[in-house]
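Chemist: The following block contains the structure, expressed as structure tokens.
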Amino acid sequence: MKNFRYPTAAIAGAAAVALLAVGCGGGDQEAASADNPIELSITTFGTFGYDDLYAEYEAANPGIDIKPNNIDRGENARTEAFTKLSAGSGLSDVVAIEEGWLGSIMEVSDQFVDLNEYGAEDIKDNWVDWKYKQGTDPDGRVIGYGTDIGPQGLCYNGKLFEAAGLPSDREAVAELFGGDDATWDKYFEIGQQYHDKTGLAWYDQSGFVWNSMVNQMDEGYYTADGELNIEDNDAMKKQFMQLAAGTEAGLSANEKKWDWGKGKAFTDGSFATFVCPGWMLGTIQTQMESAGAGAEAGWDFADVFPGGASNWGGAFLSVPETSEHPEEAAKLAAWLTAPEQQVKQSAAANNFPSTVAAQEQLAEEATPNELFNNAPTGAILA
């Protein structure tokens, strides 16, 4: 599966505004069994790391036949979801929703099952509190169980750093950028030094850097009250001009978003750093596999991020009202997002879990990630 996941603006599109009420699926609620087989469809996007989990769930639940549908990108998954919501049919029994378009989904949250009806309250403490609240609509209806979240670290190419006379040890790299006090000023300063030394780009393209900057702001494109926050936003303007200056100075490789020449740009020295929420590690893995490359390419992962903590992305599993088997669908969604499964998902997809127990396990185990020079990526993200 391809590993493209990214948020779109969290505002209600025309499709959401135009939605008409649709009836509940209200299907057979008899539990699945060998004598009462039930087919459950699930739609995800990018790389969720669920393939082995589907097989495990089917083995433990006789009568359940999971029909997965994976869409390449979050943007395309959003389009499909709203098209089918507008039509009032066609959605899977379980649907993955990206954090970036959750705001639009909340405009039509009544089109999704309230998971409180299937035990959400009993397992709410599984998740970090803010993730659980994100999946809860203004009326207190829980419409999504959290999958991953997107804390960020800095991916960097140690071989390229060494060639430019920069330290390559991940602890030294963290200190190079200022450690806990890392700033974007320092990031661009070191980037200019790298470019002056090598003539090469520092980051792949400005869009991802900009997204990370905006995610760090107390109020980005919108205020806490939902008002557009662009005009006279001096903090945003300052960051934008800093990024524009860096790109003009040659620090950007000007790669096309989500297209790195089938991974070649990660192996040919096109750029030396990459902003990495947890799930982006899976993106890089997929790209490297496409390019036939691995750890020898030199990528590493440092416990540092310019400007401080940032969260980019994450998803939820929801059950549309049109599901004919809402109880079984809710059961599957709860199981896939339970801590034990989130640990397995993280191992398969390199993302970072939203449940507390899973986070603690990754931090404690500090499992080396072979692709990233054996960096304990899970522990760093924790």
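Chemist: Out of 80, 121, which single residue is open to solvent by 10 Å² or more (accessible area, probe 1.4 Å) and farther than 16 Å from residue 69 by Cα?
Modeler: From the options 80, 121, the qualifying one is 121.
Chemist: Taking only the stretch 157-176 into account, find how many residues are open to solvent by 80 Å² or more (accessible area, probe 1.4 Å) and under 29 Å from the mean Cα position of the chain (by Cα).
Modeler: 4
Chemist: Sticking with this structure for a sec: State yes or no: is residue 197 out of contact with any Phe, Trp or Tyr (no Cβ under 8 Å at 6 or more places or on another chain), in a helix (DSSP H, G or I) and open to solvent by 60 Å² or more (accessible area, probe 1.4 Å)?
Modeler: In short, yes.
Chemist: Are any of the residues in the stretch 310-320 over 17 Å from the mean Cα position of the chain (by Cα) and assigned to a loop (DSSP other than H, G, I, E, B)?
Modeler: Checked against the condition, which is being over 17 Å from the mean Cα position of the chain (by Cα) and assigned to a loop (DSSP other than H, G, I, E, B), the stretch 310-320 yields at least one hit.
Chemist: Further, regarding this structure: Could you check how many residues of the stretch 282-309 are part of a strand (DSSP E or B) and over 17 Å from residue 255 (Cβ atoms)?
Modeler: Summing the residues that are part of a strand (DSSP E or B) and over 17 Å from residue 255 (Cβ atoms) in the stretch 282-309 gives 3.
Chemist: So in the stretch 313-325, with the set limited to residues that are at pLDDT 95 or above and either small (Gly, Ala, Ser) or open to solvent by 10 Å² or more (accessible area, probe 1.4 Å) (or both), which one is nearest to residue 112 (Cα to Cα)?
Modeler: Looking at the filtered set, the residue picked out is 321.
Chemist: While we're looking at this one, here's another question. Pull out all pairs, ordered by first then second residue, where Cβ-Cβ is under 7 Å, the residues are six or more apart or on different chains, the first lies in the stretch 211-227 and is without any contact (Cβ under 8 Å) to a residue 12 or more places away in the chain and assigned to a loop (DSSP other than H, G, I, E, B), and the second is open to solvent by less than 40 Å² (accessible area, probe 1.4 Å) and polar (S, T, N, Q).
Modeler: Listed pairs, sorted by first residue: 219/229; 223/229.
Chemist: Identify the residue in the stretch 249-281 that is in contact with a strand residue (DSSP E or B) (Cβ under 8 Å, 6 or more places away or on another chain) and part of a loop (DSSP other than H, G, I, E, B) and, among all such residues, is most open to solvent (accessible area, probe 1.4 Å).
Modeler: Per the stated criteria, the residue is 253.
Chemist: Same structure again: Given the criterion surrounded by fewer than 16 Cβ atoms within 10 Å (Cβ to Cβ) and either under 19 Å from the mean Cα position of the chain (by Cα) or polar (S, T, N, Q) (or both), identify the matching residue among 101, 130.
Modeler: 130
Chemist: Let me ask something else. When only residues in the stretch 118-127 that are in contact (Cβ under 8 Å) with a residue 24 or more places away in the chain and in a helix (DSSP H, G or I) count, which is farthest from the chain's Cα centre (by Cα)?
Modeler: Looking at residues that are in contact (Cβ under 8 Å) with a residue 24 or more places away in the chain and in a helix (DSSP H, G or I), I get 118.
Chemist: Now, a different point. Could you pull out the residue among 50, 54 that is in contact (Cβ under 8 Å) with a residue 12 or more places away in the chain, within 27 Å of residue 340 (Cβ to Cβ) and surrounded by fewer than 21 Cβ atoms within 10 Å (Cβ to Cβ)?
Modeler: Sole residue among the options that is in contact (Cβ under 8 Å) with a residue 12 or more places away in the chain, within 27 Å of residue 340 (Cβ to Cβ) and surrounded by fewer than 21 Cβ atoms within 10 Å (Cβ to Cβ): 54.
Chemist: While we're on this one: State yes or no: is residue 205 open to solvent by 30 Å² or more (accessible area, probe 1.4 Å) and either of a type in the set (Lys, Arg) or within 22 Å of residue 174 (Cα to Cα) (or both)?
Modeler: no
Chemist: Let me ask something else. If we scan the stretch 241-264, do we find a residue that is within 30 Å of residue 40 (Cα to Cα) and under 19 Å from the mean Cα position of the chain (by Cα)?
Modeler: The answer is no, given that none of the residues of the stretch 241-264 is within 30 Å of residue 40 (Cα to Cα) and under 19 Å from the mean Cα position of the chain (by Cα).
Chemist: Looking only at the stretch 208-240, which residues are within 19 Å of the chain's Cα centre (by Cα), open to solvent by 20 Å² or more (accessible area, probe 1.4 Å) and farther than 19 Å from residue 273 by Cα?
Modeler: 217
The values are calculated or read from the model by the stated rules, or taken from the named source; none is laboratory data. Please read all numbers here as calculations on a predicted model, not as lab measurements. Note that each Cβ is placed from the backbone with ideal geometry, even for glycine, and that neighbours are counted across all protein chains shown. Ligands, DNA and RNA are excluded from the accessible area calculation, which covers all protein heavy atoms including side chains. Shrake-Rupley method; radii C 1.70, N 1.55, O 1.52, S 1.80 Å.
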